[in-house]
1. Condition first: surrounded by 18 or more Cβ atoms within 10 Å (Cβ to Cβ), aromatic (Phe, Trp, Tyr) and over 20 Å from CYS193 (Cα atoms). Can you find one or more residues in region 122-138 that meet it?
2. Say we look at region 185-222 and pick out the residues that are without any contact (Cβ under 8 Å) to a residue 24 or more places away in the chain and in a helix (DSSP H, G or I); which of these is farthest from GLU153 (Cα to Cα)?
3. Quick one: is ARG141 basic (Lys, Arg), out of contact with any Asp or Glu (no Cβ under 6 Å at 6 or more places or on another chain) and touching a residue at least 40 places away in the same chain (Cβ under 8 Å)?
4. Between residues in region 100-114 that are within 13 Å of TRP131 (Cα to Cα) and residues that are basic (Lys, Arg) and part of a loop (DSSP other than H, G, I, E, B), which pairs lie under 9 Å by C-beta distance while being six or more apart or on different chains?
5. If I ask for residues that are farther than 17 Å from THR124 by Cα and acidic (Asp, Glu), which ones from region 80-94 would you list?
6. Among the residues in region 146-168, are any in contact (Cβ under 8 Å) with a residue 40 or more places away in the chain, in the same structural domain as PRO221 (by TED's automatic domain parsing), in a helix (DSSP H, G or I) and of a type in the set (Val, Ile, Thr)?
7. Here are LEU217, LEU227: which of them is over 21 Å from GLU113 (Cβ atoms), surrounded by fewer than 19 Cβ atoms within 10 Å (Cβ to Cβ), touching a Pro at 6+ places or on another chain (Cβ under 7 Å) and not aromatic (Phe, Trp, Tyr)?
Amino acid sequence: MRYESRGLRFRKALVPVLIIAGAASLLALIAGVAVAQLAAPAIAGAAREGEAGTQVAGQQGGGSESVDARGAGAGPTGSGDVDGLLPDGTTPFDDAQPGVTGLAPELLSALREAARAAEAEGITMTVTSGWRSPAYQQQLRVDAIAEYGSEAEAARWVASPEKSVHVSGEAVDVGPWDAAQWVADNGAQFGLCQVYDNEPWHFELRPNAATTGCPELYWDPSYDPRLQ
C-alpha cells in the first residue's frame, strides 16, 4: 500500500505537468495553422505567377518562333503550306497547294498542258517546288550557306528572296527525273525551258521558245544577270 500511495502521489503530481505540456502543444498547433492560413494566399499567388511566367516563356519560345520562321504572309490560294512547301507527289493540277497556285498564270497553264502531253506518253509529272514565300526562300538560302560553306557557293544553287524567280512565281521545279528529262526534251513547244545547266529540274516560261527554241543555258544561277 505504501508503494501504491507513493505511485498515486507521483501520478497526481504528474497531472499538472501533462496538462501544461498538452496546452503548450495545442497552442503550437493553433499557431501553426494560423501561420499556414496566412501564408497560403502568398504561396498561391507565387504559384500563379510562376505558372504565368512559364506560359509566357512558352509563348515567347516555340509558339512565336514558329510563326516568325514561317513568315506572316498569307500567300496564294489553297489550304496547303502557306510558304509553298509541297508534299511529295504534288501535281501541276493540285489547286490546294499555294506552291502551285502561286505560279504565274501563263507558266501554270503551260505546265499543265505539258503535264497532259507527258501523261499521254506514260510519264507522270510532279511539282517538287513552285512558288515560295520570301521566308521560305530565305530559309533555303541559310540552309545552302550552311551546307556549302559560303554565300558565293550557295548562290550557285539558291537565290536571295529579293531576286528569286520562285518567289515571283516565275519558276517551277519538276520531278521525277524522267519527267524533268521529258520537259527538257519537249518543253519548248509549250514555252517551257531549262535555264541552268546545273539544275535540270528547273524550268521557266519562254513564250517564244516554240518558234525560236530555248535560250542558251546559264552554267548556274550565279551567272544569271537577273539575280545579280
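The values are calculated or read from the model by the stated rules, or taken from the named source; none is laboratory data. Predicted model, so just to flag it, every value in this text is computed and none were measured. Backbone-built Cβ (ideal geometry, glycine too); neighbour counts: all protein chains shown.
1. Checked region 122-138: at least one residue is surrounded by 18 or more Cβ atoms within 10 Å (Cβ to Cβ), aromatic (Phe, Trp, Tyr) and over 20 Å from CYS193 (Cα atoms).
2. The extreme case among them is THR211.
3. Criteria not met by ARG141.
4. Every condition considered, the pairs that remain are GLY102/ARG132.
5. ASP81, ASP83
6. no
7. So the residue among LEU217, LEU227 that is over 21 Å from GLU113 (Cβ atoms), surrounded by fewer than 19 Cβ atoms within 10 Å (Cβ to Cβ), touching a Pro at 6+ places or on another chain (Cβ under 7 Å) and not aromatic (Phe, Trp, Tyr) is LEU227.
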